[in-house]
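The values are calculated or read from the model by the stated rules, or taken from the named source; none is laboratory data. No experiment lies behind these values; they were computed from the predicted model shown. All Cβ positions, glycine included, derive from the backbone under ideal geometry; neighbour counts span all protein chains shown. The protein model used for the area step is the full one, side chains on, heavy atoms only, and it has no ligands, DNA or RNA in it. Shrake-Rupley method; radii C 1.70, N 1.55, O 1.52, S 1.80 Å.
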Amino acid sequence: MTVHELSRADARRIAVRAQLLDGARRPSGLLDVVRRLTLLQVDPTAAVAPNADLVAWSRLGSRGYAPADLSAALADGTLLELRAMIRPREDLALYRAEMAEWPERGTPTSWREYHRTWVAANEACRRDILARLGAAGPLPSRELPDTCALPWRSSGWSDNRNVTKLLELMVQRGEVAVAGRMGGDRLWDLAERVYPDTPAVPVHEALRLRDERRLRALGIARARGPECPVEPADVGNAGEAAVVEGVRGKWRVDPARLGQPFVGRAALLSPFDRLIHDRRRTTELFGFDYQLEMYKPAAKRRWGYFALPILYGDRLVGKLDATADRKAGVLRVDAAHEDERFTQAMRAEIGREIEDLARWLDLELVLPG
């Protein structure tokens, strides 16, 4: 069996191209982006812009994308939200069989057992929610009955958030779905009213196809990794084996990405961007030190509340500390932290991306000093 030998630069370029962040022709539009990336992660943090919008802009630019495009695609069902991930409508077929087999697949764990027993203990509340949505959905969670006999227990923010947790588990069962949003609130409805009526792909075939699509979107990934309940970072046996110079262990690479010419560009990335989402891969391939610091006290932040990683060619070269102050009508840049010294050409191209970000946000750009 052939094992491809890659330099770190080769591996980085494969990853950048797969994530549509190279300097080749831009994708044709939002649907093209989501189909090729397989998902846009939903996160409400909007220090600059919500993640899904920021990821789309970084691929399409201010001339190719507006947030209204995403709203329209969700409204007409071209895209749908599944477990905080926006996916193409047709991909639901890859999740239906798994929904029908709930409880969750995977190695037996205490939390999987807790989910199963907690849902069973609150069967009456589950039925109450389905009845309420059937009569009056879509509705926000606050308008749904909390008749749970056993409260949800957690050491985190979700403690006693019974309806929210039950809804999220009912999504996994294929019973309810996010039908839209009203402000920051999810609107819930019966899944049969939201999802397309498409046949389910059998579970093992669906898992294989999902691994293959994930590898095409990532370009290069580990075969095995830590368990991620919603969207894994590993790809099983998809693709072909590879080793990366100076990095331990084997990888899986999409063979269609090998040997392609590379043209780089500058890009500003969301902290949740899939290019950097797997922090271990980011360190191994890019040598890039990054943490999202919004949860740290201000005095302990190195780069800023919501610093945007800066891509230049096949390298992650810095972080942009910027905030969209919509009340003041400005995009305020407090600092551009240079992991490697910017050349004049780098500074000019990164500057144009910052200007395009301000243009897209319809905000006046305010630079430091």
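Side notes on the structure shown:
- Residue count for segment 60-82, restricted to those that are in a loop (DSSP other than H, G, I, E, B), within 16 Å of E192 (Cα to Cα) and touching a residue at least 60 places away in the same chain (Cβ under 8 Å): 1.
- Candidates G225, G249, G236, G219 - the one that is farther than 20 Å from F286 by Cα and either open to solvent by 10 Å² or more (accessible area, probe 1.4 Å) or at pLDDT 95 or above (or both): G236
- Screening E205 with (1) over 30 Å from N122 (Cβ atoms); (2) in a loop (DSSP other than H, G, I, E, B); (3) open to solvent by 40 Å² or more (accessible area, probe 1.4 Å) gives one miss only, at (2).
- Count of residues meeting criterion [open to solvent by 20 Å² or more (accessible area, probe 1.4 Å), under 19 Å from A56 (Cα atoms) and in contact with a strand residue (DSSP E or B) (Cβ under 7 Å, 6 or more places away or on another chain)] in segment 265-324: 3
- Qualifying residue in segment 31-41 (condition: without any contact (Cβ under 8 Å) to a residue 40 or more places away in the chain, surrounded by fewer than 17 Cβ atoms within 10 Å (Cβ to Cβ) and in a loop (DSSP other than H, G, I, E, B)): no
- Selection within segment 206-232 - aliphatic (A, V, I, L, M) and under 19 Å from I14 (Cβ atoms): L215, A217, L218, I220, A221, A223
- Residues that are assigned to a helix (DSSP H, G or I) and open to solvent by 60 Å² or more (accessible area, probe 1.4 Å), drawn from segment 99-110: A100, S110
- Test for E113: is it in contact (Cβ under 8 Å) with a residue 40 or more places away in the chain and either assigned to a loop (DSSP other than H, G, I, E, B) or within 28 Å of the chain's Cα centre (by Cα) (or both): no
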